[in-house]
Amino acid sequence: MDTERFRTALLDERRRVEHALATLRDEHPGSLDDEVEEVTGTSDNHLAETATATLGREIDYTLGDNAEQVIAEIDTALKRIEDGTYGTCTNCGREIPEQRLEANPWASLCIDCKRKAEGG
């Protein structure tokens, strides 16, 4: 298996996710409370505006959490490349097919173990 190709893909994806996360944080530097306070502080405040601000920020937080999770998974995959265990299922020890790694280079489980982990 060409682990250098996967290392490059992982590093490229890590940069992309970091950029997206930084952009998300730059667009919304304050806290949710600050944004809701700004909306509620106007004299023409509407409950819908507050709800919209809250929903938008909750979506941003979820995206941010997901991005941080992906970065952690990428870092773990890079460590597995260094350890020589990349491409091996961390649960059952079988080889993860290269097609799965091409689709998801930070995959740590073979498809069977992933399905079991998801309850399917």
Inset, instruction - Under 6 Å between Cβ atoms, at least 6 apart or on separate chains: pull out the pairs that start in the stretch 99-118 with a residue that is within 12 Å of residue 87 (Cβ to Cβ) and end on any residue that is assigned to a loop (DSSP other than H, G, I, E, B) and of a type outside the set (A, V, I, L, M, F, W, C). - result: 108/90; 109/91; 110/94
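Out of all the residues in the stretch 70-90, which are in a helix (DSSP H, G or I), touching a residue at least 40 places away in the same chain (Cβ under 8 Å) and farther than 10 Å from residue 14 by Cβ?
Of the residues in the stretch 70-90, the ones in a helix (DSSP H, G or I) are 70-83.
Applying the additional criterion that residues be touching a residue at least 40 places away in the same chain (Cβ under 8 Å) yields 70-71, 74-75, 77-78, 81.
Matches in the stretch 70-90: 81 only.
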Legend entry - Matching residues, the stretch 101-114, being in contact with a Leu (Cβ under 9 Å, 6 or more places away or on another chain) and in a helix (DSSP H, G or I): none
Inset, instruction - Would you be able to say whether some residue in the stretch 47-61 is within 26 Å of residue 11 (Cα to Cα) and modelled with pLDDT of 80 or more? - result: no
Legend entry - Residue check for residue 87: surrounded by 14 or more Cβ atoms within 10 Å (Cβ to Cβ), under 30 Å from residue 25 (Cα atoms) and in contact with a Leu (Cβ under 7 Å, 6 or more places away or on another chain): no
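The values are calculated or read from the model by the stated rules, or taken from the named source; none is laboratory data. For clarity, every value in this text was computed on a predicted model and none was experimentally measured. With ideal geometry, Cβ positions are generated from the backbone for all residues, glycine too; neighbour counts draw on all protein chains shown.
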